[in-house]
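What follows is calculated from the coordinates using simple rules that are stated; it is not laboratory data. These numbers were taken from a predicted model, which means no experiment stands behind them. Every residue, glycine among them, receives a Cβ derived from its backbone with ideal geometry; neighbour counts consider all protein chains shown.
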Amino acid sequence: MNHTSAQVKALPRLSRKEGLAKSLMKNGALYFMILPGLLYFLIFKYLPMFGLVIAFQDYKPYQGIFGSDWVGFAHFERLFSEPMFLNILTNTLVLFVLNLVIFFPVPIVLALMLNEVRQQVFKRIIQTMVYIPHFMSWVIIVSISFVMLSMDRGLINELLVAAGFEKVNFLMNPDWFRPMYILQIIWREAGWGTIIYLAAMASIDPQLYEASRIDGAGRFRQIWHITLPSIRSVIIVLLLLKIGDVLEVGFEHIFLLLNAMNREVGEVFDTYVYLAGLQQGQFSYSAAVGFFKSFVGLALVIGANWLSKKFGEEGIY
Amino acid sequence: MVQDKSWGSRLFDGVNIFLLAIVGIVTVLPFIHVLAGSFTTVGELARKQLVLFPTEFTLDAYRYIFTTNTVMKSMGVSIFVTVAGTVFSMLLTVLMAYGLSKRDLRGRSAIMFLIVFTMLFNGGLIPSFLVVKSLGLIDSYGALIIPSAMSAFNLIIMRNFFQNLPEGLEESAKIDGAGSWGILFRIVIPLSMPATATISLFYAVSYWNTYFQAVMYINDAGKWPVQVILRQIVILASALTADTSGWGEDVLPPAQSVKMAVIVVATLPILIVYPFLQKHFAKGALLGSIKG
């Protein structure tokens, strides 16, 4: 075995000049391992990106991508002139603002509360409880909500009647779409969202708290002057990450909540793509809508990352 | 550490614990209500509003589910897709992550860029649908597995884990004449069991929870996974929309306890693996935030 080791050691490191061919020879097994995964990304991620060219065509399934006529920006022009466009944009922005203003602070407050608990067992029990919904599919989250909100013997409506109120048709009434949407997000993700803040809080030097106590600071002052400033950079990065995701308001979730009655407040870009593309068969037009959304999304993420670096915080990627 | 024992601080602790207890209870209460409701007679459900423990215990709802073919069949589909999908995903992910964990591999950074870019930009619904369709996967179980086989996020976590293993171990195996395959399967994977288990669970949960892939790619109702059946039975029936395809016109919307039982059946597998998930997930969630 000794001479083998000498040979291995004697092999010079590949210099850049020696080229891909030699590297392929030497690391054949490693490239072979990468290959299936690489093919996956090329076929299921990059091929669809290439497929976006149909947004500039009048795509007909029987003519294929290479046989269909080119129409330039016609589909984009149609999108911007559709009365639906303003409606979808408004809906998306409203849901985004709800996410930002109502949901975003919840995990921070919850993490601050958990961080103040001294009884570790109690803390762990609560954490176990609040993490559970994150692992449930949106179908389960929405199903449980619907069972409880149903007009037909739903728990909430039964309680309303028992308290002397009228029944409310939560599921069909457009006014209830947004509250229902944001409450379900809070239920599913608030607990899970605390993890990253709790990790940041765990690294705060306990001496800071001790010193502030000697100076007579109460618990709220400690939170305000020590805990919150310590997690400031995490909050900013997550906030920017969220802003980069303006258009990602949760397709799988909204798709389940939509019905004929609440479309006017619930239709967003992704659900519109599904409706126009897969249900009405306007492949090219809906691909253009999807392209517009993905492109704006990419620009926003890059912008958010640039901002985050400008604020002196770590970038997102 | 000196404990703050002032009156104000104790009051703070008391209120804090009280509020957290309420948050915890409110979070799990809907699950308990549904679980209890699924074991309760229709009569009791109608009389009492908030059922948290069934006094008129019955298995009727479950008996109904187990005798109707639809739910059981969809459970079978979901179990198959979850098991086969997780194995397939792990195979692809572990192999690719290991290859990409070698710092001096040429082309590595280019491939990493390709992967990270997919997290920022994608072709979207329609082009993806056209790719899956042109591969002939429509109405096959493959459509539920192959198009979502890899997650860039999981791949990067796995690669970071491999990258942080001590290099000396592999060196000594190389000296003993082991090739890349031998090193991966005999040394690297056994050493990476915690990461492998975590990522497997992440994949398994996402396969179990898949529904939109099936809505998009599977037209044959006999091949629907349980999440889609759950959507049919609970969401579409509750909202009573026009879109009740799949429900025959002569079939009445199912009773509340049956809906609850279907929810329980679809939720149970997740609750069973939850303790294992919980052991690892916090680590996984944080690993993901480390830059690759």
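Quick rundown of the values:
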quantity	calculated
Sparsely packed trypsin sites (Lys or Arg not before Pro) within region A:99-161, loop by DSSP, other Cβ within 10 Å at most 12	A:118
Mean ellipticity per residue at 222 nm, deg cm²/dmol - from DSSP H runs of n ≥ 4 across chain A, formula -39500 (n - 2.57)	-19500 deg cm²/dmol
Region A:166-187 residues near the modelled residue A:94 label - backbone nitrogen below 19 Å, point 7 Å along Cα→Cβ	A:169-186
Cβ-based net charge around residue B:222, under 13 Å, with every Lys or Arg adding one and every Asp or Glu removing one	0
Net charge, residue B:114 excluded, C-beta distance under 15 Å - Lys, Arg +1, Asp, Glu -1	+4
Value of [θ]222 nm, deg cm²/dmol, for chain B, DSSP H segments ≥ 4, -39500 (n - 2.57) each, nearest 500	-21000 deg cm²/dmol
Chain lengthening between residue A:159 and residue A:212 when straightened (0.36 nm per residue, less Cα-Cα)	14.3 nm
In region B:74-182, the GluC sites (Glu not before Pro) that fall in loop regions by DSSP, at most 15 other Cβ within 10 Å	none
Rotationally averaged projected area of chain A (alpha carbon convex hull; nm²)	29.0 nm²
Extension gain from residue A:24 to residue A:69, taking 0.36 nm per residue of separation minus the Cα-Cα distance	12.1 nm
Computed E for residue A:85/residue B:18 - FRET, C-beta separation, R0 56 angstrom, nearest 0.05	0.70
Scaled radius of gyration (Cα, divided by 2.2 N^0.38 Å) that region B:10-58 gives	1.56
Largest-first principal axis extents of the Cα set of chain B (Å)	74, 70, 36
J(HN,Hα) series, region A:89-106, from Karplus relation 6.51 cos²θ - 1.76 cosθ + 1.60, nearest Hz, glycine and proline x	4, 4, 4, 4, 5, 4, 5, 5, 5, 4, 4, 6, 7, 9, 6, 3, x, 4
Convex hull per residue volume in Å³, alpha carbons only, for the protein assembly as shown	204 Å³
Length gained when the stretch residue B:197-residue B:167 is fully extended (0.36 nm per residue, less Cα-Cα span)	8.6 nm
Positive minus negative residues near residue A:268 (Lys, Arg vs Asp, Glu; Cβ under 15 Å)	-4
Chymotrypsin sites (Phe, Trp or Tyr not before Pro) restricted to DSSP loop in region B:104-170 with at most 10 other C-beta within 10 Å	none
